[in-house]
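Okay, so here's the structure we're looking at.
The values are calculated or read from the model by the stated rules, or taken from the named source; none is laboratory data. This is a predicted model, so every value here is computed, not measured. Virtual Cβ from ideal backbone geometry, glycine too; neighbours counted across all protein chains shown.
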Amino acid sequence: MPRRRPGQVRDAIVQVLERSPRGAAVAEVCSQVSQLIGEAVPPSSVRSYLRLNTPELFARSERGQYVLAGFAADEPAARTIPEPAQAQHRIGRARLVQADCIEWLAQQPRRSIHAVVTDPPYGLVEYTAAEQRKLRAGRGGVWRIPPSFDGAKRSPLPRFTVLTATDLDALDRFFDDWARALLEVLVPGANVVVASNPLLSHRVSNALARAGLERRGELVRLVMTMRGGDRPKHAHVEFDGVSVMPRSMWEPWLLFRRPLEGRVQDNLRRWGTGGFRRIGDDKPFGDVIASSPTRAAERKLANHPSLKPQAFLRQLVRGVLPLGQGVVLDPFAGSGSTLAAAEAVGYDSIGVERDAEYFALAVQAIPRLAAMPVPAGQAR
């Protein structure tokens, strides 16, 4: 059976709801979508699109009923479906695109990307429009603010433990779609480096492997995060000597590669990929990078909850192109920190970001972050 193209279920849902201006129940949508596609589509897949993946397209009109976003019951059936903006900006050697990354990947030439460095949305739900509004308004929702021990303001962290079985099922399907679309645009030997976390990293790792990428290990960012170490909620006095989880002292980054064509040296000659760029003649690229939390000056320029420091990213981005040539992609660009790092080390890069506010922020932040000096010895 041929694989579904990225977005096929979503497009079928749009067709179904165009025919039902007063809305349709999930079971009805699922039945009609299955008929349009020609194979059974699980209800959980339909629900994930309606609730999580494309909040700009669909809205719940009443319990269990969904309509196209902005579709009033008395409107005629013909209407213009809202499409994500396709704005683009050039910033030095960086190209920033506002789009859904899976849709964008499906439109790109095969074998056009030489490396990927990204920090994906592991919960998906935390980046829905509703949860982003809560975060920006300081109202929490799925996001929490870690406690402060020194008076410093902490960055918000998503509560991955609140994800339901349906959320996790949607997460698996999302990363399966993403990994399959990503594979097509990578040149042989392209490195794929993905920020992860101990609770959900296995899910994206499994998706990348199922798509046909080779797992090559992990890179370790040595940094004390604010994840873990908390006493039991609502019982911290009773169990004051207990931490529910260990305090995280490191951050894993998954390392994958598109399979080589021939030997490493053959791949390097043809594609310029297949390894990592050495730090110096006598110093290879290592899989442990000492880091610090992101500096306040960088957060002031690019206020994104998952912002990584330039000192760390520049070392990582520099290393993923073994010959220092090619295009680095960040398909979940956020506020543009990966593109800024690529700009600082002299690489071509592309970033894709769906959220309009983060896209606008990245346009302003990339040149400023790229120009920012980092502590001596931490840029390579």
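Couple of notes before you dig in:
- Considering the conditions (1) surrounded by 21 or more Cβ atoms within 10 Å (Cβ to Cβ); (2) of a type in the set (Phe, Trp, Tyr); (3) at pLDDT below 95, residue 160 is excluded by exactly one of them, (1).
- Enumeration of residues in region 260-273 that are of a type outside the set (Asp, Glu) and either surrounded by 14 or more Cβ atoms within 10 Å (Cβ to Cβ) or not assigned by TED's automatic domain parsing to the domain that holds residue 116 (or both): 260, 267, 268, 270, 271, 272, 273
- Just so you know, in region 175-201 the residues that are part of a strand (DSSP E or B) and under 13 Å from the mean Cα position of the chain (by Cα) include one that is surrounded by the fewest Cβ atoms within 10 Å (Cβ to Cβ), and it is 195.
- Boolean, residue 254 is aliphatic (A, V, I, L, M), assigned to a loop (DSSP other than H, G, I, E, B) and surrounded by 15 or more Cβ atoms within 10 Å (Cβ to Cβ): no
- Residue among 79, 51 that alone is over 30 Å from residue 348 (Cβ atoms), modelled with pLDDT under 75 and assigned to a helix (DSSP H, G or I): 51
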